[in-house]
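Participant: Below you will find the structure I want to go over with you.
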Amino acid sequence: MQGAGVQGAGVQGAGVQRVVFLDRDGVINRAVMRGGRPHPPASVDELEILPGVPEALARLREAGYSLAVVTNQPDIARGVTTEGQVEALHAHLRASLGLSDIRVCPHDDADACECRKPGTGLLRRGPAFDAPGSVMVGDRWRDIEAGRAAGCGATILIDYQYDEAIPHEPDARVRSLAEAVDWILARDRRRTAAPRD
């Protein structure tokens, strides 16, 4: 099986947190477009946190969510970048944004690992989480599929209209993380207001 969160994922109770899982490039920071396709920044100098992200993350923390970045970084396996270079980016993001966790898959598709999205290994790597109360936010089909497979209560696509198919429609399409947070908090209000049997 996968990480420590497998047995507890979806279990509600004391100590089990709601998590907003966040893809990195295109959600937290601007993806670098090359040849019409999004790519990760190569260095801290190329790293640009998207407008409104710090405020959006603060709203989620205030609402009681744990924040976990879950990111595929296949350029490590491809020899384009190193784990050290990726960690330098993440040290900057941790210092700037107060993230609970950053989980990285360094593999490529050929490695057939469980952590590369759309696999669920990154989402399940951490502590047990309240899956129905948790949300996956991403900008690619892999993010949406990983959230669905991990049992997240909702998936949200930040829709840049990339030229790629989305196998399953997300629960919401938005234009920014700020809009995603609006949707999440409205969902929370609806769930709180719903009558219980």
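Rule-based calculations on the coordinates, nothing more; no lab input. Being a predicted model, the structure only gives us computed values, none of them experimental. Every residue, glycine as well, gets a Cβ built from its backbone with ideal geometry; the counts of neighbours run over all protein chains shown.
Participant: With +1 on the Cβ of every Lys and Arg and -1 on the Cβ of every Asp and Glu, and nothing else charged, how large is the dipole of the chain about its Cα centre, in debye rounded to the nearest 20? If you can, show how the numbers build up before the last one.
Facilitator: Details: 24 positive and 28 negative charges, 116 e Å.
Computed about the Cα centre, the dipole is about 560 debye.
Participant: Let me ask you something else. Suppose R0 equals 35 Å; then what is the FRET efficiency for Gln17 and Asp163 from their Cβ-Cβ distance, rounded to the nearest 0.05?
Facilitator: On the way: r = 36 Å, r/R0 = 1.03.
Calculated transfer efficiency: 0.45.
Participant: Top mean-square fluctuation among Gly119, Gly151, Gly35, Gaussian network model of the chain, C-alpha springs under 10 Å?
Facilitator: Looking only at Gly119, Gly151, Gly35, the largest GNM fluctuation is found for Gly35.
Participant: With Cβ to Cβ distances under 9 Å as the rule, what net charge do the other residues near Ser66 carry (K, R +1; D, E -1)?
Facilitator: On the way: positive: Arg18, Arg61; negative: Asp101.
Residues near Ser66 contribute +1 overall.
Participant: Could you order the peptides 47-53, 142-148 from most to least packed, using the average number of other C-beta atoms within 10 Å per residue?
Facilitator: Most protected by this proxy first, the peptides run 142-148, 47-53.
Participant: To continue, here is another question. Pairing the Cα long axis of helix 177-193 with the longest principal axis of the chain, what angle in degrees results, from 0 to 90 and rounded to the nearest 10?
Facilitator: 20
Participant: What does the helix-only formula give at 222 nm for the chain: each DSSP H stretch with n ≥ 4 adding -39500 (n - 2.57), the total divided by the residues, and the result rounded to the nearest 500 deg cm²/dmol? Can you show the working numbers first?
Facilitator: Working: 5 runs with 55 residues, N = 197.
Calculated from helices alone, the mean residue ellipticity at 222 nm is -8500 deg cm²/dmol.
Participant: Taking only C-alpha pairs under 8 Å that are 6+ residues apart, what is the relative contact order of the chain in percent?
Facilitator: Values: 353 pairs, mean separation 52.3, N = 197.
About 27 percent, as a whole number.
Participant: Rank Arg187, Arg30, Arg18 by mean-square fluctuation in a GNM of the chain with C-alpha springs under 10 angstrom and give only the top-ranked residue.
Facilitator: Largest GNM mean-square fluctuation: Arg187.
Participant: To continue, here is another question. Taking the chain as the reference, fit the longest principal axis to its C-alpha atoms, fit the long axis of helix 83-97 to the helix C-alpha atoms, and give the angle between the two in degrees, 0 to 90, nearest 10.
Facilitator: In the chain, helix 83-97 runs at an angle near 40 degrees to the longest axis.
Participant: For the chain, list the cysteines whose Cβ sits under 4.7 Å from no other cysteine Cβ?
Facilitator: Cys113, Cys152 - these cysteines have no disulfide-compatible partner (Cβ-Cβ under 4.7 Å) in the chain.
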